[in-house]
Amino acid sequence: MSLSIAFRSVSKDFGSVRVLNDVSFSLERGKVYGLLGENGAGKSTLMKILCGYEKPSEGDILVDGQPCVFDSSRAAESLGIVLIHQEINLADELTIAQNIFLGHEKKRGIFLDNKSMHGAAAQVLAQVGLQADPDTRVGRLIVAEKQLVEVAKALAKQARLLVMDEPTATLTPGETERLFALIGQFRQQGVTIVYISHKLDEIERVTDQIIVMRDGRYVTSAPTASVSRRQMANLMVGRELADLFPRKSPVDAACAPVLEVRDLSVPGWADGIGFDVRPGEILGFAGLVGAGRTELFEGLLGLRERSGGRIFLQGQERNIRNPRQAARHGLTYLSEDRKGKGILLAFGMRQNVTLMALQRYARPLLDAGLERAALDKAMRKFGIRTGNPGNPASALSGGNQQKLALAKVLHPDPAVVILDEPTRGVDIGAKRDIYFLIHELASQGLAVVVISSELMELIGLCHRVAVMRAGRLQAMLDAGQLNEKELIAHATGTHQGA
């Protein structure tokens, strides 16, 4: 059933840049491996080579002891080697069933066997816990549901070796538990799994062995049970990683709120929400997927229709109709969709940094020199690393893209900044950098709102946390009340006082 895999001196060059260098290690049959490394460590490139999306520049991959070079992902899938991409890789205009069997459709003679595909799709959807009609168009699904369709696609391909790249990034706790149960079933069936994640608690829980990569090289492997989370983090970054979260600075309770929201509703998503945030405070928003957190703030910014509610910024009531107007009043927002709404990937770094404050650089024509100076300052302040500042934003690693997005929304010098999933998909080193950046912003007197699905992030970073459930504010927890049990209980509606 399962496959054994060995990488032997695998290297990969993109032009003059070597992204993998002499990588050698083996994967035994039927084990779950946690593949660790910072963004840019070479993890995804190595797995793309294994799964037929790229070819090695040097070295070999042995499958059951035999050298294999796959011409395409379909060739790898014919042996049962399947990759679940970090980025959703579905056709929105097709149905769930059509996506699941795209490229290996079932046929009856020369005709498509739609009935058979519908039935098989229903089976794998039930396995992953997605209650949806196989004839539903994928474009109608939310991101978390699309991720489950990706897992269902792998099940339908009868994987013998399965690579999961950040599979829980958009899943609720319940969906994550279902995925972990599936991984347990795969292990019992002898399927080899490579699990790539920046969530070290997940690595600790579901994997048998860790493999660490750094700067395109293999570093080490070890039984998961023998390595602490802190040791994993240190191995990934190649140095002792100090405390992940900065010490929280006190908030002056006598200061008037910078942002005050009263009885704000967003039809279908949020009902009668009120909160405030003071200078120097980091206010977190917790809740399950679908709780209405993102939609609440999109309504506040004018990105969604809102019904009722009052918004006060620095003591003045404002009727905000769009993000541009919000920025003029000192309120900026970083979307959870970094690549779709956070930055412009095809644009250069300097254009991204100055985009929200172009009036500063038009005299009356755009002053490229001033823009370059602004980029240089942002790179120093936010720790953005790149070989060439003239490259487009798409050339940056995930962590550096997120720092660029932060620099962009902070460039107008706001009084309040809303950060939606600010560390989603970034590695442990970049997470720590971003946590310290957020702390520094608050220390400078900004009011910061952090929307996050990572409970430890909220606990470690925030002064208070608002918990939403089904569009309503369930609780506002002070620092002394912040723990995982309390947050989960309020988010799921199981708190004893509810």
**OP:** Check each of the trypsin sites (Lys or Arg not before Pro) in the stretch 183-259 and keep only those in coil by DSSP with at most 11 other C-beta atoms within 10 angstrom; list them in order.
**Re:** Arg239, Arg247
Original post:
How would you order 109-122, 299-312, 445-458 from highest to lowest mean count of nearby Cβ atoms within 10 Å?
Top reply: 445-458, 299-312, 109-122
Original post:
If you find the alpha carbon centre of the stretch 96-112 and of the stretch 38-54, how far apart are they in angstrom?
Top reply: 29 Å
**OP:** Only Cα pairs under 8 Å and at least 6 apart count here; give the relative contact order of the stretch 5-237 as a rounded whole percent.
**Re:** 28 percent
Original post:
Dividing the alpha-carbon Rg of the chain by 2.2 N^0.38 Å yields what?
Top reply: 1.02
Original post:
Taking the stretch 282-434 as the region of interest, what is the percent of Cα-Cα pairs per 5 angstrom bin, listed from the shortest bin to the one with the maximum distance?
Top reply: 2, 9, 17, 20, 20, 15, 11, 5, 1, 0
Original post:
Let a ≥ b ≥ c be the square roots of the eigenvalues of the Cα gyration tensor of the stretch 67-122; is it rounded (a/c under 1.5), or, if not, prolate (a/b larger than b/c) or oblate?
Top reply: oblate
Subject >> Inter-label distance, nm, simple model (7 Å from Cα along the C-beta direction), Asp208/Leu112 >> reply: 3.9 nm
**OP:** Divide the volume of the convex hull of the Cα atoms of the stretch 32-187 by its number of residues and quote the answer in cubic angstrom per residue.
**Re:** 135 Å³
Original post:
Arranged by the count of other C-beta atoms within 10 angstrom, fewest first, what order do Ser228, Ser197 take?
Top reply: Ser228, Ser197
Subject >> Pairwise FRET efficiency - Leu358 versus Thr136, Cβ, R0 = 45 Å, nearest 0.05 >> reply: 0.60
**OP:** At 7 Å along the Cα-to-beta-carbon direction for both Arg472 and Gln316, put a label point, then send me their distance in nm to one decimal.
**Re:** 3.6 nm
**OP:** Could you sort 22-33, 431-442 so that the peptide with the highest average Cβ count within 10 Å comes first and the rest follow in order?
**Re:** 431-442, 22-33
Original post:
By counting other Cβ atoms within 10 Å of each Cβ, how are Thr423, Thr95 ranked from fewest to most?
Top reply: Thr95, Thr423
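Here, each number is a calculation from the coordinates, and none is a lab measurement. If you're wondering where the values come from, they're calculated on a predicted model, not measured in any experiment. Every residue, glycine among them, receives a Cβ derived from its backbone with ideal geometry; neighbour counts consider all protein chains shown.
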